[in-house]
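Written below as structure tokens is the structure these notes are about.
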There are 2 protein chains.
Amino acid sequence: MKVPDEIFQEVFASIDEHQNDFIATLKEAVSIPSVSSEPNHRQDCVDMVMWTKEKLESIHVAVQVIEAGKQKSSEGQVMDLPPILFGVLGTDPNKKTLCVYGHLDVQPAKMEDGWDTNPFELTEIDGKMFGRGATDDKGPVLAWINAISVLQEKNIEIPVNLKFVFECMEESGSEGLEEALQRHKDDFLGNVDMTCISDNYWLGRNKPCLTYGLRGICYYFIEVKCARQDLHSGTYGGTVPEAMNDMVWILSQLVELDGKIRIPGLEELVAPLCDEEKKIYDSIDFCMEDFQSQISANALLKDNKAEVLMNRWRNPSLSIHGIEGAYSSPGAKTVIPSKVIGKFSIRIVPNMTPEKVDKLVITYLNDLWSKRNSPNHFNAYPYHSGMPWVTDFTHPSFSAGARSLKRVFGVDPDYTREGGSIPITLTFQELTGNNVMLLPIGACDDMAHSQNEKLDRFNYVQGTKALAAYLLELAE
Amino acid sequence: MKVPDEIFQEVFASIDEHQNDFIATLKEAVSIPSVSSEPNHRQDCVDMVMWTKEKLESIHVAVQVIEAGKQKSSEGQVMDLPPILFGVLGTDPNKKTLCVYGHLDVQPAKMEDGWDTNPFELTEIDGKMFGRGATDDKGPVLAWINAISVLQEKNIEIPVNLKFVFECMEESGSEGLEEALQRHKDDFLGNVDMTCISDNYWLGRNKPCLTYGLRGICYYFIEVKCARQDLHSGTYGGTVPEAMNDMVWILSQLVELDGKIRIPGLEELVAPLCDEEKKIYDSIDFCMEDFQSQISANALLKDNKAEVLMNRWRNPSLSIHGIEGAYSSPGAKTVIPSKVIGKFSIRIVPNMTPEKVDKLVITYLNDLWSKRNSPNHFNAYPYHSGMPWVTDFTHPSFSAGARSLKRVFGVDPDYTREGGSIPITLTFQELTGNNVMLLPIGACDDMAHSQNEKLDRFNYVQGTKALAAYLLELAE
């Protein structure tokens with residue numbers, strides 16, 4: 001039975017009233033530096049999970065804390081993975097069941113990387129709330145909790161049963177999650193009819209969207225070692241074949257200036273572009289100039305909208321992230337680094353698979369290395385990976401999402417894909433056998449993974465409304 | 001008048017007795033993290049200078065604290081340079097005056113770089129005293145103070161007047177020192193007859209040496225910037241020409257696998273090798289296999305002793321030190337670094353000069369960049385430099401040094417050159433117009449600038465004896 005319009009209005013008004021409380025809660029969440037990639041922040045990850053458990057329990061969710069197993073670092077150190085939260089709210093056999101996924105961990109962030117404010121203290125300036133995790137993904141996770149708390153406060157029946165999966169390793173390949181979901185495929189996930197994830201971004205700053213495709217990722221490490229320990233470049237310079245020299249050479253062989261990936265066979269894996277698909281890109285509301293000026297880039301790799309969108313959504317790309325073990329601080333150090341680890345990743349798209357890509361990449365790197373003829377120690381290996389994902393956006397969950405966004409923002413959303421990877425999207429689709437929809441809350445300029453990550457107050461509040469409306473729109 | 005042998009024996013015995021006190025003092029010095037290249041350690045540098053001032057005053061040195069001026073960081077931050085210590089001990093017009101130089105600052109060091117013990121806590125294991133600065137250069141600086149304190153305790157007249165110059169910016173290009181010495185060329189330095197510096201290493205682990213040559217250095221920064229701030233590689237990968245891609249390419253164009261520097265014109269600046277010089281290398285006591293196995297290198301760039309020594313001492317070498325601004329931590333981060341600074345340096349030799357080398361290098365880098373045809377922002381510039389130095393090792397100061405080493409170690413020292421740079425050596429030679437001698441205390445495996453830097457207790461104690469003996473041998 002359709003929910004009357006007045007109910008929506010009542011809910012939206014209440015969310016407006018509660019907005020400062022919602023921001024206070026987000027501030028608490030941001031203050032926990034749950035950086036999953038850095039072992040010294042592992043306890044913060046656990047703290048973040050337990051903090052979220054309390055928040056879920058405050059809206060009457062029955063929460064299970066799922067142990068995620070052990071993690072072995074590249075140095076051989078063994079650590080517990082942060083636990084995963086499974087939650088249940090409502091078990092009415094006459095209702096459909098919606099599964100909500102989010103993540104509680106964040107990318108690394110330090111003041112000296114160039115933040116204008118403390119990354120772990122949510123700081124609102126002109127309606128922009130700056131803080132690591134504000135938009136990726138603590139804000140969206142809390143928006144769900146906010147939305148449900150208001151529906152409960154107003155005694156409005158939620159037309160679906162809800163299940164929650166909140167993890168704290170997403171920024172590190174969601175280690176342990178897939179195994180946990182696999183184990184609970186038939187019980188916890190057994191009756192899930194659809195999944196909704198809010199962990200991506202609007203295409204622009206003004207218009208909401210629903211997302212039906214994501215690129216996957218294949219992340220690689222290349223190790224080169226020339227000595228047992230770092231050497232003084234005065235005493236040893238000119239005597240040993242230096243690891244950094246090999247490293248910059250091999251990294252320079254990966255991609256052309258124009259972004260073309262040099263790895264043979266990779267391009268052939270990409271799904272061909274048909275005329276029908278090409279048209280979609282032409283009609284999407286996307287401004288290249290805005291996109292470029294937001295990041296102050298001197299140039300883009302492509303000079304028309306369709307090609308830029310295709311390069312973001314449906315073509316692979318290769319990025320070199322950095323080198324571990326070399327000198328990276330300000331100033332000068334006259335060191336010959338002994339062991340360096342180059343890091344790069346490839347965003348993959350249909351019909352690429354990590355298995356095929358790994359094989360091509362590692363073969364290419366090993367071939368390069370044998371051509372190099374360096375006496376140094378070399379090892380190249382895949383670090384983590386995730387499949388790309390594309391789904392059917394005519395599913396009823398997408399229709400409900402579109403209606404809810406129109407209610408809140410007054411416009412029909414764009415149907416978009418994303419350049420980023422949320423590998424778990426595909427896992428939910430495969431394990432539940434049902435539709436997954438991405439309903440983003442953050443804007444394109446939120447700078448996830450970067451310095452000065454932020455979430456606009458407007459998007460946080462309206463996003464909370466959109467999620468509440470989506471739940472009501474799921475009434476049949 | 002020659003000092004009688006018994007006096008030497010008395011001094012040596014006293015140094016043996018005091019050795020644990022001398023180590024306690026070194027432990028104090030190492031505990032002050034006087035890292036000159038890192039602005040957050042600037043106060044520690046000042047503390048280290050003032051700590052040393054007290055030690056000098058305890059042996060009756062009249063100390064002047066010389067302000068060294070301001071330093072401007074690459075981010076435009078202005079900081080005070082740490083002050084320089086000028087000291088005077090003895091003003092007898094009938095004696096010659098020896099100037100002693102040393103430095104109080106150290107290279108960066110962090111446990112996570114791979115130290116087995118806290119780098120700022122001197123830790124003795126099996127006679128090896130591990131700690132940042134133990135051998136470079138806090139141990140040698142304290143060996144001078146130890147030696148003099150014992151001579152004073154025993155009421156033995158020092159046959160020379162002494163002057164001391166101790167700075168705290170050596171690891172950062174000795175910024176401010178040359179200007180200070182220039183200002184005091186005619187007063188403080190006016191009557192210096194010879195200079196002795198203990199800031200390098202034995203060629204091996206067993207035999208002492210005196211050093212008459214050093215390579216210079218030219219250190220370069222290359223900046224590439226592709227965006228205002230770091231970007232998410234999912235959202236932006238495939239759209240912008242990435243700075244890291246340009247960076248690894250340009251760094252890969254600097255040096256061949258065999259160590260040959262690619263910069264045109266550089267090789268032509270190197271002083272030609274005559275047959276007479278070539279013979280020196282053949283006769284020096286140096287074991288290539290030891291040299292290689294100490295650092296566990298898979299191979300050396302040259303396969304015979306003379307060529308290895310020439311590559312260390314009389315040929316230029318180029319080392320890539322690292323990249324600032326890229327991801328350098330363990331684990332994975334899916335970032336496109338926006339601004340990266342590649343750092344490399346060239347060890348220079350006679351007849352190269354920084355002026356000539358800078359010109360060739362910057363021209364080469366700019367030419368490379370125009371060939372690259374990248375739209376990104378590029379800037380390559382010299383960061384700091386120092387001239388190479390070669391001197392006459394038949395000077396009386398060298399003879400006194402050789403006699404003192406023979407007394408302590410029982411063998412004649414090798415006459416060596418060094419691959420490293422102590423640019424101030426040349427400054428002393430030029431400003432005093434007199435001889436400079438390098439008398440190293442540390443062994444070849446002390447791992448200065450590296451993880452697990454150490455000074456052997458044996459070398460610290462015997463080195464103290466050698467410096468005391470040298471002072472006595474200077475009697476005419």
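Return a yes/no flag: does the stretch A:328-335 have any residue that is more than 7 Å from chain B (Cβ to nearest Cβ) and buried (at least 21 other Cβ atoms within 10 Å of the Cβ). Steps first, answer last, please.
Of the stretch A:328-335, the ones more than 7 Å from chain B (Cβ to nearest Cβ) are none.
No: zero hits.
What is the number of the single condition among (1) modelled with pLDDT of 95 or more; (2) closer than 17 Å to residue A:49 by Cβ that residue A:159 does not meet?
(2)
Take residue A:349 and tell me if it is outside the structural domain of residue A:136 (by the TED database) and either open to solvent by 20 Å² or more (accessible area, probe 1.4 Å) or farther than 30 Å from residue B:115 by Cβ (or both). Give the steps one after another, and end with the answer.
Details: outside the structural domain of residue A:136 (by the TED database): yes; either open to solvent by 20 Å² or more (accessible area, probe 1.4 Å) or farther than 30 Å from residue B:115 by Cβ (or both): yes.
Against the criterion (outside the structural domain of residue A:136 (by the TED database) and either open to solvent by 20 Å² or more (accessible area, probe 1.4 Å) or farther than 30 Å from residue B:115 by Cβ (or both)), residue A:349 qualifies.
Of these, A:323, A:284, A:348, which one is closer than 30 Å to residue B:312 by Cα and either at the interface with chain B (Cβ under 9 Å from one of its Cβ atoms) or in contact with a helix residue (DSSP H, G or I) (Cβ under 7 Å, 6 or more places away or on another chain) (or both)?
Working: A:284 fails: closer than 30 Å to residue B:312 by Cα; A:348 fails: closer than 30 Å to residue B:312 by Cα.
Unique residue meeting the criteria: A:323.
Give the residues of the stretch B:374-388 that are more than 7 Å from every other protein chain (Cβ to nearest Cβ) and either in contact with a Leu (Cβ under 6 Å, 6 or more places away or on another chain) or more than 28 Å from residue B:173 (Cβ to Cβ) (or both), sorted by residue number. Break it down into steps so the answer makes sense when it comes.
Start the filter on the stretch B:374-388 by keeping residues that are more than 7 Å from every other protein chain (Cβ to nearest Cβ), which leaves B:378-382, B:385-388.
Within the stretch B:374-388, B:380, B:387 qualify.
Looking at the structure I just gave you, is residue A:135 in contact (Cβ under 8 Å) with a residue 40 or more places away in the chain, open to solvent by less than 30 Å² (accessible area, probe 1.4 Å), of a type outside the set (Asp, Glu) and within 24 Å of residue A:197 (Cβ to Cβ)? Lay out the reasoning, then the answer.
Working: in contact (Cβ under 8 Å) with a residue 40 or more places away in the chain: yes; open to solvent by less than 30 Å² (accessible area, probe 1.4 Å): yes; of a type outside the set (Asp, Glu): yes; within 24 Å of residue A:197 (Cβ to Cβ): yes.
Yes: the conditions hold for residue A:135.
Listed residues B:422, B:441; which is at the interface with chain A (Cβ under 10 Å from one of its Cβ atoms) and either buried (at least 24 other Cβ atoms within 10 Å of the Cβ) or of a type in the set (D, E, K, R) (or both)? Quick ask: steps written out before the conclusion?
Details: B:441 fails: at the interface with chain A (Cβ under 10 Å from one of its Cβ atoms).
Matching residue, one of B:422, B:441: B:422.
Restricting attention to the stretch B:211-231, which residues are surrounded by fewer than 24 Cβ atoms within 10 Å (Cβ to Cβ), among the basic types (Lys, Arg) and within 7 Å of chain A (Cβ to nearest Cβ)?
Once the filter is applied, which keeps residues that are surrounded by fewer than 24 Cβ atoms within 10 Å (Cβ to Cβ), among the basic types (Lys, Arg) and within 7 Å of chain A (Cβ to nearest Cβ), the stretch B:211-231 yields only B:228.
How many residues are assigned to a loop (DSSP other than H, G, I, E, B), out of contact with any helix residue (DSSP H, G or I) (no Cβ under 7 Å at 6 or more places or on another chain) and touching a residue at least 24 places away in the same chain (Cβ under 8 Å) if we restrict to the stretch A:377-416? Explain how you work it out, then say what you get.
To start, the set of residues in the stretch A:377-416 that are assigned to a loop (DSSP other than H, G, I, E, B) comprises A:387-388, A:391-395, A:410-413.
After this cut, where a residue has to be out of contact with any helix residue (DSSP H, G or I) (no Cβ under 7 Å at 6 or more places or on another chain) as well, the list is A:388, A:392-395, A:410-411.
Adding the requirement that they be touching a residue at least 24 places away in the same chain (Cβ under 8 Å) leaves A:388, A:392-393, A:395, A:411.
Selection size over the stretch A:377-416: 5.
Going through the stretch B:427-441 one residue at a time, which ones are under 13 Å from residue B:389 (Cβ atoms) and either free of Cβ contacts under 8 Å to residues at least 24 places away in the same chain or assigned to a strand (DSSP E or B) (or both)?
B:430, B:435, B:436, B:437, B:438
Would you mind finding the one in B:242, B:256, B:289 that is touching a residue at least 24 places away in the same chain (Cβ under 8 Å) and not hydrophobic (A, V, I, L, M, F, W, C)? Write out each step before concluding.
On the way: B:256 fails: touching a residue at least 24 places away in the same chain (Cβ under 8 Å); B:289 fails: touching a residue at least 24 places away in the same chain (Cβ under 8 Å).
Result: B:242 is the single residue among B:242, B:256, B:289 that is touching a residue at least 24 places away in the same chain (Cβ under 8 Å) and not hydrophobic (A, V, I, L, M, F, W, C).
Are any residues in the stretch B:390-411 charged (D, E, K, R) and at pLDDT 90 or above, and if so, which ones? Walk me through it before giving the result.
The initial filter retains those residues of the stretch B:390-411 that are charged (D, E, K, R), namely B:392, B:403, B:406-407.
Answer for the stretch B:390-411, where residues must be charged (D, E, K, R) and at pLDDT 90 or above: B:403, B:406, B:407.
Here is a yes/no grid of residues against (1) without any contact (Cβ under 8 Å) to a residue 12 or more places away in the chain; (2) basic (Lys, Arg); (3) open to solvent by 60 Å² or more (accessible area, probe 1.4 Å):
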residue	(1), (2), (3)
A:264	no, no, yes
A:279	yes, yes, yes
A:282	no, no, yes
A:299	yes, no, no
A:305	no, yes, no
A:316	no, no, no
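Return the residues of the stretch B:241-255 that are over 26 Å from the mean Cα position of the chain (by Cα) and either open to solvent by less than 40 Å² (accessible area, probe 1.4 Å) or more than 7 Å from chain A (Cβ to nearest Cβ) (or both); say none if nothing qualifies.
Here is the first cut: in the stretch B:241-255, the residues over 26 Å from the mean Cα position of the chain (by Cα) are B:241-250, B:252-253.
Within the stretch B:241-255, B:241, B:242, B:243, B:244, B:245, B:246, B:247, B:248, B:250, B:252, B:253 meet the criteria.
The values are calculated or read from the model by the stated rules, or taken from the named source; none is laboratory data. Bear in mind the structure is a predicted one, so any value in this text is a computation, not a measurement. Here the Cβ is made from the backbone with ideal geometry for all residues, glycine too, and neighbour counts use every protein chain on show. These area figures cover heavy atoms from the full protein model, side chains too; ligands, DNA and RNA do not enter into them. Shrake-Rupley method; radii C 1.70, N 1.55, O 1.52, S 1.80 Å.
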